[in-house]
Amino acid sequence: MNDWLKIIRRYLSLLLGGALMSLAPHGLRAAERPNIVFCFADDWGRHASIYKEIDGPGSWNDVVKTPTFDRLAREGVVFRRAHVNAPSCTPCRSALLSGQYFFRTGRGAILRGATWDSSIPSYPLLLLDSGYHIGKSFKVWSPGTPADAPYGGQKYSYQKAGGAINQFSTLGMRMLAEGKTADDVRKLVFDQVRDNFTQFIADRKPGQPFCYWFGPTNTHRKWAAGSGKKLWGIEPDSLKGKMPAYLPDVPEIREDVADYLGEAQAFDAAVGVIVEQLRKTGELENTIVVVSGDHGAGGFPYCKCSLYDSGTGVALAIRGPGVKPGRVVDDFVNLMDLAPTFLELGGLKPPEVMTGRSIVPLLTSEKAGQIDPQRNFVVTGRERHVDVARPNNAPYPQRAIRTKEHLLIINFKPDRWPMGNPYHLDTADKEPTVQELTEDTRATFQDMDGSPTKAWLVSNRNRPDVKPFYNLAFAPRPRIELYDTAKDPDQVKNVADNPAYAKVRDQLEAQLMSVLDQANDPRLKDDGAYFEKTINSGPQPITPKNPAKK
(Lines give C-alpha, C1' and ligand atoms only; values in the text may rest on other atoms or scores of the structure.)
Protein backbone atom coordinates (compact mmCIF):
# COMPACT_ATOMS: atom_id res chain seq x y z
CA MET A 1 0.00 0.00 0.00
CA ASN A 2 2.85 2.38 0.80
CA ASP A 3 4.31 1.81 -2.68
CA TRP A 4 1.01 2.76 -4.29
CA LEU A 5 0.81 5.89 -2.17
CA LYS A 6 4.31 6.86 -3.27
CA ILE A 7 3.39 6.35 -6.94
CA ILE A 8 0.25 8.43 -6.58
CA ARG A 9 2.15 11.17 -4.74
CA ARG A 10 4.82 11.28 -7.43
CA TYR A 11 2.18 11.37 -10.21
CA LEU A 12 0.24 14.18 -8.57
CA SER A 13 3.44 16.12 -7.94
CA LEU A 14 4.39 15.98 -11.61
CA LEU A 15 0.84 16.77 -12.71
CA LEU A 16 0.68 19.81 -10.44
CA GLY A 17 4.25 20.91 -11.05
CA GLY A 18 3.28 23.84 -13.26
CA ALA A 19 0.81 25.12 -10.71
CA LEU A 20 3.35 24.84 -7.94
CA MET A 21 5.88 26.84 -9.93
CA SER A 22 3.47 29.77 -9.95
CA LEU A 23 3.99 30.00 -6.20
CA ALA A 24 7.66 30.87 -6.57
CA PRO A 25 8.81 33.88 -4.50
CA HIS A 26 9.42 37.24 -6.13
CA GLY A 27 7.99 36.05 -9.45
CA LEU A 28 10.68 33.42 -10.11
CA ARG A 29 9.93 31.16 -13.04
CA ALA A 30 11.00 27.53 -13.17
CA ALA A 31 14.02 28.34 -15.35
CA GLU A 32 15.18 30.88 -12.78
CA ARG A 33 14.99 28.64 -9.76
CA PRO A 34 18.35 28.67 -7.97
CA ASN A 35 20.53 25.68 -7.33
CA ILE A 36 20.92 24.75 -3.66
CA VAL A 37 24.16 23.43 -2.16
CA PHE A 38 23.93 22.54 1.52
CA CYS A 39 27.18 21.72 3.34
CA PHE A 40 26.42 20.17 6.72
CA ALA A 41 29.19 19.06 9.08
CA ASP A 42 28.72 16.37 11.70
CA ASP A 43 29.15 17.60 15.31
CA TRP A 44 30.40 21.04 14.19
CA GLY A 45 29.16 23.73 16.52
CA ARG A 46 29.51 27.49 16.32
CA HIS A 47 33.23 27.46 15.54
CA ALA A 48 34.32 29.72 12.70
CA SER A 49 36.90 32.48 12.68
CA ILE A 50 34.43 35.15 11.57
CA TYR A 51 32.64 34.79 14.91
CA LYS A 52 35.70 36.24 16.60
CA GLU A 53 34.97 39.45 14.68
CA ILE A 54 31.30 39.30 15.60
CA ASP A 55 31.59 38.30 19.27
CA GLY A 56 35.04 39.54 20.15
CA PRO A 57 38.06 37.50 21.27
CA GLY A 58 38.32 34.96 24.06
CA SER A 59 37.03 31.66 22.64
CA TRP A 60 38.00 28.78 20.36
CA ASN A 61 37.11 31.05 17.44
CA ASP A 62 40.35 32.94 18.13
CA VAL A 63 42.26 29.84 17.05
CA VAL A 64 40.26 28.12 14.31
CA LYS A 65 40.72 29.36 10.71
CA THR A 66 37.76 28.97 8.36
CA PRO A 67 38.47 31.15 5.32
CA THR A 68 35.77 29.56 3.14
CA PHE A 69 33.01 30.05 5.69
CA ASP A 70 34.21 33.58 6.39
CA ARG A 71 34.21 34.47 2.69
CA LEU A 72 30.70 33.08 2.17
CA ALA A 73 29.54 35.02 5.24
CA ARG A 74 30.95 38.28 3.87
CA GLU A 75 29.52 37.67 0.41
CA GLY A 76 26.17 36.73 1.95
CA VAL A 77 24.67 36.60 5.44
CA VAL A 78 26.04 35.20 8.69
CA PHE A 79 23.65 34.32 11.51
CA ARG A 80 24.57 35.06 15.10
CA ARG A 81 21.76 33.03 16.71
CA ALA A 82 21.27 29.86 14.69
CA HIS A 83 20.30 26.74 16.64
CA VAL A 84 19.52 23.14 15.82
CA ASN A 85 16.26 21.73 17.08
CA ALA A 86 17.92 18.78 18.85
CA PRO A 87 21.62 18.29 19.75
CA SER A 88 21.75 14.70 18.51
CA CYS A 89 22.44 13.63 14.92
CA THR A 90 19.28 11.82 13.80
CA PRO A 91 16.69 13.99 15.61
CA CYS A 92 18.40 17.16 14.39
CA ARG A 93 18.36 15.93 10.81
CA SER A 94 14.77 14.70 11.08
CA ALA A 95 13.74 18.22 12.03
CA LEU A 96 15.84 19.83 9.33
CA LEU A 97 14.66 17.59 6.49
CA SER A 98 11.00 17.67 7.50
CA GLY A 99 10.82 21.31 8.54
CA GLN A 100 9.16 20.20 11.78
CA TYR A 101 10.05 20.02 15.44
CA PHE A 102 11.98 16.81 16.03
CA PHE A 103 9.35 15.45 18.41
CA ARG A 104 6.80 15.42 15.56
CA THR A 105 8.81 12.94 13.45
CA GLY A 106 7.88 9.66 15.17
CA ARG A 107 10.91 7.43 15.66
CA GLY A 108 12.99 10.07 13.91
CA ALA A 109 12.96 11.82 17.29
CA ILE A 110 15.50 9.38 18.73
CA LEU A 111 18.98 8.23 17.71
CA ARG A 112 19.50 4.50 18.27
CA GLY A 113 16.49 2.61 16.97
CA ALA A 114 15.33 5.42 14.69
CA THR A 115 13.22 4.63 11.63
CA TRP A 116 12.00 7.12 9.07
CA ASP A 117 8.26 7.55 8.45
CA SER A 118 7.97 7.98 4.68
CA SER A 119 4.60 9.73 5.02
CA ILE A 120 6.40 12.79 6.43
CA PRO A 121 7.17 15.30 3.66
CA SER A 122 10.86 16.06 3.22
CA TYR A 123 12.19 18.99 1.23
CA PRO A 124 14.64 17.04 -1.02
CA LEU A 125 11.93 14.73 -2.36
CA LEU A 126 9.51 17.63 -2.84
CA LEU A 127 12.18 19.44 -4.86
CA LEU A 128 12.84 16.25 -6.81
CA ASP A 129 9.16 15.96 -7.69
CA SER A 130 9.15 19.56 -8.90
CA GLY A 131 12.02 18.99 -11.34
CA TYR A 132 15.21 19.40 -9.32
CA HIS A 133 18.21 17.09 -9.78
CA ILE A 134 19.10 15.94 -6.25
CA GLY A 135 22.13 14.19 -4.85
CA LYS A 136 24.17 13.74 -1.72
CA SER A 137 27.62 12.75 -0.61
CA PHE A 138 27.99 10.95 2.72
CA LYS A 139 25.80 11.38 5.77
CA VAL A 140 22.28 12.79 5.49
CA TRP A 141 20.12 10.94 8.06
CA SER A 142 21.87 8.53 10.39
CA PRO A 143 21.95 6.40 12.42
CA GLY A 144 18.60 4.95 11.53
CA THR A 145 16.81 2.99 8.84
CA PRO A 146 16.50 3.13 5.98
CA ALA A 147 19.81 4.92 5.49
CA ASP A 148 19.43 8.52 4.33
CA ALA A 149 15.74 7.85 3.72
CA PRO A 150 14.52 11.47 3.68
CA TYR A 151 16.86 12.13 0.75
CA GLY A 152 15.69 9.11 -1.20
CA GLY A 153 18.19 6.70 0.33
CA GLN A 154 21.32 5.73 -1.54
CA LYS A 155 19.63 6.14 -4.92
CA TYR A 156 20.96 9.69 -5.14
CA SER A 157 24.39 9.02 -3.66
CA TYR A 158 27.53 10.52 -5.22
CA GLN A 159 30.56 9.19 -3.39
CA LYS A 160 32.18 6.66 -5.72
CA ALA A 161 35.29 8.83 -6.02
CA GLY A 162 36.02 8.11 -2.38
CA GLY A 163 35.23 9.21 1.16
CA ALA A 164 38.67 9.98 2.58
CA ILE A 165 37.33 13.28 3.95
CA ASN A 166 35.43 11.25 6.56
CA GLN A 167 38.71 9.94 8.01
CA PHE A 168 40.75 13.06 7.41
CA SER A 169 42.91 13.09 10.53
CA THR A 170 43.39 9.32 10.90
CA LEU A 171 44.28 8.97 7.23
CA GLY A 172 46.43 12.08 7.36
CA MET A 173 48.45 10.95 10.36
CA ARG A 174 49.00 7.57 8.75
CA MET A 175 50.22 9.21 5.55
CA LEU A 176 52.57 11.45 7.53
CA ALA A 177 54.00 8.36 9.21
CA GLU A 178 54.60 6.92 5.74
CA GLY A 179 56.64 9.96 4.72
CA LYS A 180 53.94 11.91 2.92
CA THR A 181 53.23 15.59 3.59
CA ALA A 182 50.15 17.45 4.75
CA ASP A 183 49.79 18.77 1.19
CA ASP A 184 49.72 15.17 -0.07
CA VAL A 185 46.88 14.44 2.33
CA ARG A 186 44.91 17.46 1.19
CA LYS A 187 45.35 16.62 -2.50
CA LEU A 188 44.11 13.06 -2.04
CA VAL A 189 41.11 14.09 0.05
CA PHE A 190 40.01 17.17 -1.85
CA ASP A 191 40.40 15.56 -5.28
CA GLN A 192 37.81 13.04 -4.13
CA VAL A 193 35.50 15.78 -2.88
CA ARG A 194 35.80 17.54 -6.24
CA ASP A 195 35.26 14.38 -8.27
CA ASN A 196 32.13 13.36 -6.36
CA PHE A 197 30.60 16.79 -6.87
CA THR A 198 31.65 16.92 -10.52
CA GLN A 199 29.90 13.60 -11.18
CA PHE A 200 26.76 14.93 -9.53
CA ILE A 201 26.78 18.00 -11.77
CA ALA A 202 27.46 15.87 -14.86
CA ASP A 203 24.34 13.76 -14.22
CA ARG A 204 21.82 16.59 -14.39
CA LYS A 205 19.84 17.49 -17.49
CA PRO A 206 20.70 20.71 -19.38
CA GLY A 207 19.39 23.71 -17.49
CA GLN A 208 18.02 21.58 -14.65
CA PRO A 209 18.31 23.16 -11.18
CA PHE A 210 20.03 21.00 -8.60
CA CYS A 211 19.98 20.41 -4.86
CA TYR A 212 23.15 18.86 -3.39
CA TRP A 213 23.92 17.80 0.18
CA PHE A 214 27.55 17.54 1.29
CA GLY A 215 27.67 15.73 4.63
CA PRO A 216 31.16 14.59 5.65
CA THR A 217 31.63 13.03 9.07
CA ASN A 218 35.23 13.98 9.83
CA THR A 219 34.20 16.39 12.60
CA HIS A 220 32.52 13.44 14.34
CA ARG A 221 34.84 11.44 16.59
CA LYS A 222 37.20 9.67 16.53
CA TRP A 223 39.97 11.94 15.29
CA ALA A 224 43.69 11.30 15.67
CA ALA A 225 45.55 12.72 18.65
CA GLY A 226 48.00 15.44 17.65
CA SER A 227 46.46 15.89 14.20
CA GLY A 228 45.43 19.51 14.73
CA LYS A 229 49.04 20.55 15.12
CA LYS A 230 50.65 18.21 12.58
CA LEU A 231 48.10 18.65 9.78
CA TRP A 232 46.93 22.23 10.37
CA GLY A 233 49.57 23.90 12.56
CA ILE A 234 47.16 24.48 15.44
CA GLU A 235 49.21 24.79 18.63
CA PRO A 236 47.29 23.38 21.62
CA ASP A 237 48.82 26.04 23.86
CA SER A 238 47.26 28.74 21.68
CA LEU A 239 44.05 27.71 23.46
CA LYS A 240 45.36 28.71 26.90
CA GLY A 241 42.90 31.04 28.58
CA LYS A 242 40.21 30.30 25.98
CA MET A 243 38.45 27.38 27.64
CA PRO A 244 34.77 27.89 28.51
CA ALA A 245 33.81 27.86 32.17
CA TYR A 246 32.73 24.21 32.03
CA LEU A 247 36.14 22.88 30.84
CA PRO A 248 39.45 22.64 32.73
CA ASP A 249 42.29 24.47 30.99
CA VAL A 250 44.76 21.57 30.94
CA PRO A 251 47.13 20.23 28.23
CA GLU A 252 45.15 17.05 27.52
CA ILE A 253 41.95 18.96 26.85
CA ARG A 254 43.66 21.74 24.90
CA GLU A 255 45.13 19.14 22.53
CA ASP A 256 41.72 17.48 22.16
CA VAL A 257 40.17 20.83 21.22
CA ALA A 258 43.03 21.61 18.80
CA ASP A 259 42.47 18.30 17.03
CA TYR A 260 38.74 19.01 16.78
CA LEU A 261 39.37 22.44 15.31
CA GLY A 262 41.70 20.84 12.78
CA GLU A 263 38.80 18.70 11.56
CA ALA A 264 36.66 21.84 11.32
CA GLN A 265 39.34 23.39 9.12
CA ALA A 266 39.36 20.27 6.92
CA PHE A 267 35.59 20.59 6.46
CA ASP A 268 35.98 24.28 5.62
CA ALA A 269 38.62 23.49 3.02
CA ALA A 270 36.39 20.84 1.45
CA VAL A 271 33.55 23.34 1.18
CA GLY A 272 36.03 25.63 -0.56
CA VAL A 273 36.62 22.94 -3.20
CA ILE A 274 32.88 22.73 -3.92
CA VAL A 275 32.52 26.51 -4.11
CA GLU A 276 35.46 26.72 -6.51
CA GLN A 277 33.86 24.10 -8.75
CA LEU A 278 30.66 26.12 -8.80
CA ARG A 279 32.69 29.14 -9.81
CA LYS A 280 34.53 27.29 -12.58
CA THR A 281 31.34 25.89 -14.07
CA GLY A 282 29.61 29.28 -13.99
CA GLU A 283 26.98 28.08 -11.53
CA LEU A 284 28.00 29.98 -8.41
CA GLU A 285 25.95 33.10 -9.06
CA ASN A 286 22.78 31.03 -9.45
CA THR A 287 23.44 28.83 -6.41
CA ILE A 288 22.32 29.27 -2.83
CA VAL A 289 25.23 27.98 -0.73
CA VAL A 290 24.39 27.15 2.88
CA VAL A 291 26.98 25.99 5.43
CA SER A 292 26.21 24.77 8.96
CA GLY A 293 26.58 21.89 11.42
CA ASP A 294 24.24 19.53 13.23
CA HIS A 295 25.11 20.46 16.86
CA GLY A 296 28.00 20.90 19.26
CA ALA A 297 31.12 18.76 19.42
CA GLY A 298 31.05 15.21 20.73
CA GLY A 299 33.16 14.14 23.67
CA PHE A 300 33.06 17.50 25.43
CA PRO A 301 30.65 18.39 28.26
CA TYR A 302 27.92 20.96 27.65
CA CYS A 303 28.10 20.29 23.89
CA LYS A 304 26.55 17.36 21.99
CA CYS A 305 23.44 16.03 23.80
CA SER A 306 22.95 19.22 25.84
CA LEU A 307 20.61 22.18 25.43
CA TYR A 308 23.16 24.80 26.40
CA ASP A 309 24.33 27.13 23.64
CA SER A 310 27.44 25.04 23.08
CA GLY A 311 25.14 22.09 22.32
CA THR A 312 22.47 23.65 20.10
CA GLY A 313 24.19 26.78 18.78
CA VAL A 314 25.74 26.36 15.32
CA ALA A 315 27.48 28.36 12.64
CA LEU A 316 25.30 29.38 9.70
CA ALA A 317 26.25 31.33 6.58
CA ILE A 318 24.20 31.70 3.39
CA ARG A 319 25.30 33.19 0.08
CA GLY A 320 23.56 33.32 -3.28
CA PRO A 321 21.23 35.10 -5.69
CA GLY A 322 18.90 37.52 -3.95
CA VAL A 323 20.84 37.35 -0.67
CA LYS A 324 21.82 40.86 0.37
CA PRO A 325 25.51 40.56 1.29
CA GLY A 326 27.69 41.73 4.14
CA ARG A 327 25.16 41.41 6.97
CA VAL A 328 25.15 39.90 10.45
CA VAL A 329 21.62 38.81 11.37
CA ASP A 330 20.56 38.57 15.03
CA ASP A 331 17.18 36.88 14.48
CA PHE A 332 16.81 33.47 16.10
CA VAL A 333 16.81 30.74 13.46
CA ASN A 334 16.02 27.09 14.01
CA LEU A 335 17.56 24.83 11.37
CA MET A 336 14.13 23.30 10.76
CA ASP A 337 13.47 26.69 9.08
CA LEU A 338 15.73 25.63 6.21
CA ALA A 339 13.23 23.14 4.75
CA PRO A 340 10.51 25.74 4.05
CA THR A 341 13.24 28.15 2.95
CA PHE A 342 14.62 25.74 0.34
CA LEU A 343 11.10 24.96 -0.87
CA GLU A 344 10.21 28.62 -1.23
CA LEU A 345 13.43 29.30 -3.10
CA GLY A 346 12.59 26.36 -5.38
CA GLY A 347 9.18 27.76 -6.18
CA LEU A 348 7.11 25.55 -3.90
CA LYS A 349 4.67 26.31 -1.14
CA PRO A 350 5.83 24.57 2.05
CA PRO A 351 3.35 21.98 3.38
CA GLU A 352 1.12 23.22 6.16
CA VAL A 353 2.45 20.52 8.46
CA MET A 354 5.84 22.24 8.63
CA THR A 355 6.42 24.14 11.87
CA GLY A 356 9.53 25.88 10.54
CA ARG A 357 9.30 29.36 9.03
CA SER A 358 11.04 30.33 5.83
CA ILE A 359 13.95 32.73 6.30
CA VAL A 360 13.74 34.07 2.73
CA PRO A 361 12.60 37.46 4.13
CA LEU A 362 15.80 37.60 6.20
CA LEU A 363 17.95 36.69 3.19
CA THR A 364 16.46 39.34 0.92
CA SER A 365 16.22 42.11 3.51
CA GLU A 366 18.52 45.12 3.35
CA LYS A 367 18.72 45.21 7.14
CA ALA A 368 21.19 43.75 9.62
CA GLY A 369 20.77 42.95 13.31
CA GLN A 370 17.24 42.03 14.42
CA ILE A 371 15.05 42.05 11.30
CA ASP A 372 11.85 40.22 12.26
CA PRO A 373 10.80 41.20 15.81
CA GLN A 374 8.87 37.94 16.15
CA ARG A 375 12.04 35.90 15.75
CA ASN A 376 13.06 36.56 19.33
CA PHE A 377 13.32 33.00 20.64
CA VAL A 378 14.04 29.43 19.65
CA VAL A 379 12.80 26.14 21.14
CA THR A 380 15.05 23.07 21.37
CA GLY A 381 14.87 19.65 23.00
CA ARG A 382 15.98 16.06 23.17
CA GLU A 383 14.70 12.62 24.08
CA ARG A 384 16.93 9.59 23.58
CA HIS A 385 20.49 9.36 22.25
CA VAL A 386 22.27 6.07 23.06
CA ASP A 387 19.49 3.58 23.78
CA VAL A 388 21.17 1.75 26.67
CA ALA A 389 22.58 4.85 28.36
CA ARG A 390 19.98 4.30 31.08
CA PRO A 391 18.18 1.18 32.30
CA ASN A 392 15.17 0.12 30.22
CA ASN A 393 16.21 2.36 27.31
CA ALA A 394 14.93 5.36 29.26
CA PRO A 395 15.32 8.72 27.53
CA TYR A 396 16.46 11.97 29.08
CA PRO A 397 13.60 14.28 28.10
CA GLN A 398 14.38 17.98 27.93
CA ARG A 399 12.89 21.05 26.26
CA ALA A 400 14.34 24.56 26.30
CA ILE A 401 13.59 28.08 25.20
CA ARG A 402 16.39 30.52 24.36
CA THR A 403 15.77 34.26 24.18
CA LYS A 404 18.24 37.09 23.79
CA GLU A 405 18.74 37.40 27.54
CA HIS A 406 17.94 33.97 28.99
CA LEU A 407 17.97 30.21 28.56
CA LEU A 408 15.35 28.14 30.37
CA ILE A 409 15.54 24.33 30.34
CA ILE A 410 12.91 21.87 31.62
CA ASN A 411 14.31 18.47 32.61
CA PHE A 412 11.16 16.35 32.72
CA LYS A 413 12.85 13.47 34.52
CA PRO A 414 15.38 15.07 36.89
CA ASP A 415 15.92 11.80 38.74
CA ARG A 416 17.80 10.48 35.69
CA TRP A 417 21.41 11.08 34.70
CA PRO A 418 21.68 13.58 31.82
CA MET A 419 24.64 11.92 30.09
CA GLY A 420 23.58 8.38 30.97
CA ASN A 421 24.18 6.29 34.08
CA PRO A 422 27.64 6.16 35.69
CA TYR A 423 28.11 2.52 34.78
CA HIS A 424 31.16 0.83 36.38
CA LEU A 425 32.05 3.88 38.48
CA ASP A 426 32.32 3.81 42.30
CA THR A 427 31.16 0.19 42.40
CA ALA A 428 32.78 -3.20 42.88
CA ASP A 429 33.21 -3.37 39.10
CA LYS A 430 36.57 -2.75 37.53
CA GLU A 431 36.56 0.87 36.46
CA PRO A 432 37.11 1.74 32.79
CA THR A 433 40.70 2.54 31.89
CA VAL A 434 41.81 5.82 30.34
CA GLN A 435 42.05 4.06 26.99
CA GLU A 436 38.54 2.66 27.30
CA LEU A 437 37.13 6.06 28.27
CA THR A 438 38.90 7.57 25.28
CA GLU A 439 37.99 4.93 22.71
CA ASP A 440 34.71 3.39 23.88
CA THR A 441 31.68 5.64 24.25
CA ARG A 442 29.83 2.87 26.09
CA ALA A 443 32.38 2.60 28.91
CA THR A 444 30.23 4.90 31.07
CA PHE A 445 28.06 8.05 30.69
CA GLN A 446 27.11 6.75 27.26
CA ASP A 447 25.49 9.92 25.95
CA MET A 448 28.93 11.55 25.83
CA ASP A 449 31.26 10.26 23.14
CA GLY A 450 34.48 8.63 24.26
CA SER A 451 37.32 11.15 24.16
CA PRO A 452 40.52 12.29 25.88
CA THR A 453 38.44 15.00 27.56
CA LYS A 454 35.93 12.52 28.94
CA ALA A 455 38.77 10.25 30.11
CA TRP A 456 40.49 13.13 31.91
CA LEU A 457 37.32 14.28 33.68
CA VAL A 458 36.27 10.81 34.81
CA SER A 459 39.76 9.70 35.86
CA ASN A 460 40.36 12.86 37.90
CA ARG A 461 36.85 13.25 39.29
CA ASN A 462 37.85 12.89 42.95
CA ARG A 463 40.31 15.77 42.87
CA PRO A 464 38.78 18.79 44.64
CA ASP A 465 39.72 21.13 41.78
CA VAL A 466 38.16 18.82 39.17
CA LYS A 467 34.97 17.85 41.01
CA PRO A 468 33.05 21.02 39.98
CA PHE A 469 33.85 20.37 36.29
CA TYR A 470 32.87 16.72 36.66
CA ASN A 471 29.54 17.68 38.21
CA LEU A 472 28.83 20.20 35.46
CA ALA A 473 29.46 17.47 32.93
CA PHE A 474 27.64 14.52 34.45
CA ALA A 475 25.66 15.20 37.65
CA PRO A 476 21.83 15.13 37.74
CA ARG A 477 20.07 18.42 37.05
CA PRO A 478 17.07 20.01 38.77
CA ARG A 479 13.75 20.13 36.94
CA ILE A 480 14.21 23.77 35.93
CA GLU A 481 17.42 25.47 34.87
CA LEU A 482 17.55 29.19 34.13
CA TYR A 483 20.58 31.16 32.97
CA ASP A 484 21.18 34.87 32.59
CA THR A 485 23.20 34.68 29.39
CA ALA A 486 24.52 38.24 29.52
CA LYS A 487 26.10 37.69 32.93
CA ASP A 488 26.82 33.99 32.41
CA PRO A 489 27.50 33.28 28.71
CA ASP A 490 28.71 29.73 29.38
CA GLN A 491 25.54 28.95 31.36
CA VAL A 492 27.07 27.41 34.46
CA LYS A 493 25.19 29.38 37.16
CA ASN A 494 21.59 28.24 37.51
CA VAL A 495 19.43 31.11 38.82
CA ALA A 496 16.09 29.29 38.63
CA ASP A 497 15.64 29.47 42.42
CA ASN A 498 16.78 33.06 42.74
CA PRO A 499 13.76 35.21 43.74
CA ALA A 500 15.03 38.03 41.53
CA TYR A 501 14.38 35.82 38.48
CA ALA A 502 11.00 34.40 39.56
CA LYS A 503 8.99 36.47 37.05
CA VAL A 504 11.33 35.62 34.17
CA ARG A 505 11.22 31.95 35.09
CA ASP A 506 7.42 31.86 35.16
CA GLN A 507 7.07 33.76 31.89
CA LEU A 508 9.55 31.62 29.99
CA GLU A 509 8.18 28.35 31.33
CA ALA A 510 4.66 29.37 30.29
CA GLN A 511 5.86 30.47 26.86
CA LEU A 512 7.76 27.22 26.30
CA MET A 513 4.85 25.03 27.37
CA SER A 514 2.52 26.99 25.10
CA VAL A 515 4.74 26.37 22.08
CA LEU A 516 5.02 22.66 22.89
CA ASP A 517 1.27 22.38 23.31
CA GLN A 518 0.57 24.12 20.00
CA ALA A 519 3.06 21.84 18.28
CA ASN A 520 1.40 18.75 19.79
CA ASP A 521 4.51 17.53 21.58
CA PRO A 522 3.90 13.91 22.72
CA ARG A 523 6.04 14.60 25.80
CA LEU A 524 3.12 16.58 27.27
CA LYS A 525 0.67 13.70 26.97
CA ASP A 526 0.32 10.91 29.54
CA ASP A 527 3.66 11.76 31.14
CA GLY A 528 5.42 11.30 27.82
CA ALA A 529 4.16 7.73 27.33
CA TYR A 530 4.94 7.84 23.59
CA PHE A 531 8.65 8.28 24.26
CA GLU A 532 8.73 6.35 27.54
CA LYS A 533 6.91 3.22 26.35
CA THR A 534 5.51 3.17 22.83
CA ILE A 535 8.66 4.11 20.99
CA ASN A 536 10.46 1.09 22.44
CA SER A 537 7.88 -1.37 21.06
CA GLY A 538 7.99 -0.28 17.42
CA PRO A 539 6.91 2.57 15.15
CA GLN A 540 3.64 4.20 16.15
CA PRO A 541 2.44 7.08 13.98
CA ILE A 542 1.31 10.26 15.64
CA THR A 543 -1.08 12.70 14.05
CA PRO A 544 0.14 16.21 14.72
CA LYS A 545 -2.15 19.18 14.85
CA ASN A 546 -1.60 22.03 12.44
CA PRO A 547 0.22 24.28 14.92
CA ALA A 548 0.87 27.96 14.78
CA LYS A 549 4.34 28.64 13.41
CA LYS A 550 7.05 28.95 16.02
* Quick one: putting +1 on the C-beta of Lys and Arg, -1 on the C-beta of Asp and Glu, what dipole do you get for region 200-300 around its Cα centre, in Debye to the nearest 20? -> 220
* Asked: When you count, for each residue, the other Cβ atoms within 10 Å and take the mean per peptide, how do 278-291, 437-450 rank with the highest first?
  -> 437-450, 278-291
* For ASP426 and GLN374, what is the calculated FRET efficiency with R₀ set at 51 Å and r taken between the beta-carbons, to the nearest 0.05? -> 0.55
* If each Cα of region 301-370 is one equal point scatterer, what is log10 of I(q)/I(0) from the Debye formula at q = 0.12, 0.13, 0.18, 0.23 Å⁻¹? -> -0.39, -0.45, -0.80, -1.07
* Structure fact -> Residues of region 120-142 with backbone N under 12 Å of the label point set 7 Å from the Cα of GLN208 along Cα→Cβ are 128-135
* **Computed lengthening from LYS533 to ASP184, 0.36 nm per intervening residue step minus Cα-Cα distance** => 120.5 nm
* Structure fact -> Rh_Kirkwood(the chain) over Cα pairs, Å, one decimal, evaluates to 23.7
* **Ranked order, ASP237, ASP521 - accessible area, probe 1.4 Å, largest first** => ASP237, ASP521
* Structure fact -> If amide H atoms are modeled at 1.01 Å from N in the peptide plane, then the residues at a separation of 5 or more from LEU407, or on another chain, having amide H under 5 Å from its own are TYR483, THR485
* Asked: Rounded to the nearest 10 Å², what accessible area does SER310 show when all protein chains are kept and the probe is 1.4 Å?
  -> 30
* What are the ³J(HN,Hα) values, in whole Hz, obtained from phi via the Karplus relation 6.51 cos²θ - 1.76 cosθ + 1.60 with θ = phi - 60°, for each residue of region 225-238 in sequence order, with x given for Gly and Pro? -> 4, x, 6, x, 6, 6, 9, 10, x, 8, 7, x, 5, 5
* Structure fact -> Within the chain, the percent of DSSP beta bridges that are antiparallel, given to the nearest 5, stands at 50
* To do: Could you state, as a whole-number percent, how many of the C-alpha pairs of region 30-146 are farther apart than 21 Å?
  => 51
* Just subtract the alpha-carbon distance of VAL434 and LYS404 from 0.36 nm times their residue separation and send over the number in nm, one decimal. => 6.8 nm
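The values are calculated or read from the model by the stated rules, or taken from the named source; none is laboratory data. Just so we're clear, the structure is a prediction, and the values are computed from it rather than from any experiment. FYI the Cβ positions are ideal-geometry reconstructions off the backbone, even for glycines, and counts take in every protein chain you see. To get the accessible areas, we keep the full protein, side chains included, count just its heavy atoms, and leave off ligands, DNA and RNA. Shrake-Rupley method; radii C 1.70, N 1.55, O 1.52, S 1.80 Å.
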